[in-house]
Each structure stands twice: as C-alpha cells, then as structure tokens.
1. Provide 225, 183, 104 ordered by accessible surface of protein heavy atoms (probe 1.4 Å), highest first.
2. At R0 = 25 Å, how high is the FRET efficiency between residue 223 and residue 258 if r is their beta carbon distance? Nearest 0.05 is fine.
3. Quick check: residue separation of residue 284 and residue 34 times 0.36 nm, minus the Cα distance between them. What number comes out in nm?
4. Could you go through region 260-268 in sequence order and give the Karplus-derived ³J(HN,Hα) for each residue, using 6.51 cos²θ - 1.76 cosθ + 1.60 with θ = phi - 60°, rounded to whole Hz, and x for Gly and Pro?
5. Give me the extension gain from residue 117 to residue 149: residue separation times 0.36 nm, minus the current Cα-Cα distance, reported in nm with one decimal.
6. For every other residue with a beta carbon closer than 13 angstrom to the beta carbon of residue 65, add +1 if it is Lys or Arg and -1 if Asp or Glu, then tell me the sum.
7. Could you give the spread of the C-alpha atoms of region 89-245 along their three principal axes, from largest to smallest, in whole angstroms?
8. Using Cα springs under 10 Å in a Gaussian network model of the chain, which residue among 20, 38, 197 shows the largest mean-square fluctuation?
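The values are calculated or read from the model by the stated rules, or taken from the named source; none is laboratory data. It should be emphasised that the depicted structure is a prediction, and the values quoted were computed from it without experimental measurement. Ideal geometry is used to build each Cβ from the backbone, glycine not excepted, and the neighbour counts take in all protein chains shown. Areas reflect the complete protein model, heavy atoms only, side chains present, ligands, DNA and RNA absent. Shrake-Rupley method; radii C 1.70, N 1.55, O 1.52, S 1.80 Å.
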Amino acid sequence: MAAKQSPRWTYDVALQESIPDVPELILFGFDEIKSALPLSYHQHDGYEFVLVERGKASWELDGQVYETKAGDVFHTCPGELHRGGFNVIEPSRFWWFIVTPPRTEEWLRLPLGESECIANALQMLPRVRHIGLQAIQGFRQLGDAINSYSPMRSTAVRQAVMGLLLAIVQPNERMFSLADDLTSQFDLLLRRIEDEPDWRPDVEELAGMVRVSPSHFFRTFQAYTGLPPMSYIERMRIKKACSLLSESTATITEIANKLGYASSQHFATVFKRIIGMTPVQWRMSR
C-alpha cells in the first residue's frame, strides 16, 4: 500500500522494525481529517515536521498559537509540549516525520561538520516556514522508500529524509508561485478575513481587492491556502466561533449574531458540518 493512497498511513519505530541503517527516522505519516479531532498536549524525542497539503491547521506551543496553511511546515524540537489549537486538529490533509537530533558523527551517515550544520540550521528554523507544495513529492518518495523491498531501501529512505530536511532548512525560492506584491496583498486579505469574521464578501469583491480577475483569484487563492475562498472564510468564521465558545459566556444566539449568521440554527448546522459536533457539544467538551 503506497502512503499517498491511504486516508491514514504511519511508520512508527515503536510499533514496527526500524529501517536498517536509518535509526534517525522515528516516525513518518500521512493523514486526511474530514472533521475536527481532539489533539491534546504531547511531545516527541526528536524533531517533528508537519507539512499541510490542504486546508488549515493551528498549533499551540508555550501559550502561543501558530497558524499553518497549504505549503507551510510547523516544527517542534525534542521534548517540547504542543497540541492542536483549541486542543483540536482542524479538517486538513497533512504529512509529518520525526527524526532524532543530529548529535552524532554518523547521523544520516553525514560527516560531523555537516551534521553540525544541520543542527545549527534547525536551531535557527522559524516555527512555521512556507516551503510550497512541491515538497509533497519528497514525502511521497519517503513513503515509497519505506514500503520498498529493494536492496537499496535504506539508501532511498536516507536520501528522502535528507532531501526533506534540506527543503525545510533552506527552501528554494523558486518554489513560491506568487509574486511578492501579490503575496503581501493575500496576507493582508487573510488578516482581514480573520479579524472580521462577520464580513461576507463574494469572489468578485475579493478579486478586486488584490486587482486580479475573479477566475485568477480563485485559482491562486486555493493554491495559496489549500481551500476555495468561501470555504476558507467559513472555516475562519467557525474557528472564531470555537474561540468565543471556549473563552466567553456568550450564548449560542449571541455568537451566531456576532459572526453574521442569519439564525442560531444555521450557525449550528455549519458548525457541526465543519467541526463534527454542535456548538453546545463543543462548549461542554472544553
């Protein structure tokens, strides 16, 4: 079974035999979540890297929430406690892998000087980095190498891990498909969507704000965020609802009105479709 074809697939040294001559790889996986699932505090012995392929996911570490969209990588260092934002992982499609810290001379068969360079780069790595969706091919190659019966299996796994690490610590600028000025406009637009959850623009209005045609805007927005514009806006609205349900005593009707829904019933229907439970159930689970 190829990793890319399964709704969930993992390789875990705690449950399976380690890859011969590649003890550095602790865990690798792929998942596609259709509705929000609990993801409470946990930690790992190595460096964890999560690449979002589709949708959005938020992560909480040291009291700070980090947002990731399609093409973003979120990473944690060994021993760092982290969880999904609001204690859940949002509907999304993502890949991840965990490797041991590069502390030894034989780490991934690299000379000591090169493993030290990787260690220094990981120390300087921002918590979230956009590397683009081209890196997904590297994850697929790693999954295929793990599943391989080739006598060169260990070499292929080691090469795939090294390729992913290089893509993360020194991303190729050519991976970015948006011009700098358009990226800035998109970021401003995304910030407004998050800050004004009751705002209900159509695609034509959004396209006009970044001065591109509606068709080009739709394609570019989906490539940049992993979601169509209206789906993205709805999910951000529901994310704000989760915050209000968790952190305020406002009633369901008051929250629905604040977010611009015509009725609390409509709000509850949309909330359950995205989160997988009603607003009342969500509040009671906190």
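1. Order by accessible area, largest first: 104, 183, 225.
2. 0.20
3. Fully extending the segment from residue 284 to residue 34 adds 87.8 nm.
4. x, 7, 5, 7, 5, 5, 5, 4, 5
5. Numbers: separation 32, 0.36 × 32 = 11.52 nm, distance 3.20 nm.
Stretched fully, the residue 117-residue 149 segment lengthens by 8.3 nm.
6. Charge balance near residue 65 sits at -1.
7. 55, 31, 31
8. Of the options given, 20 has the highest mean-square fluctuation.
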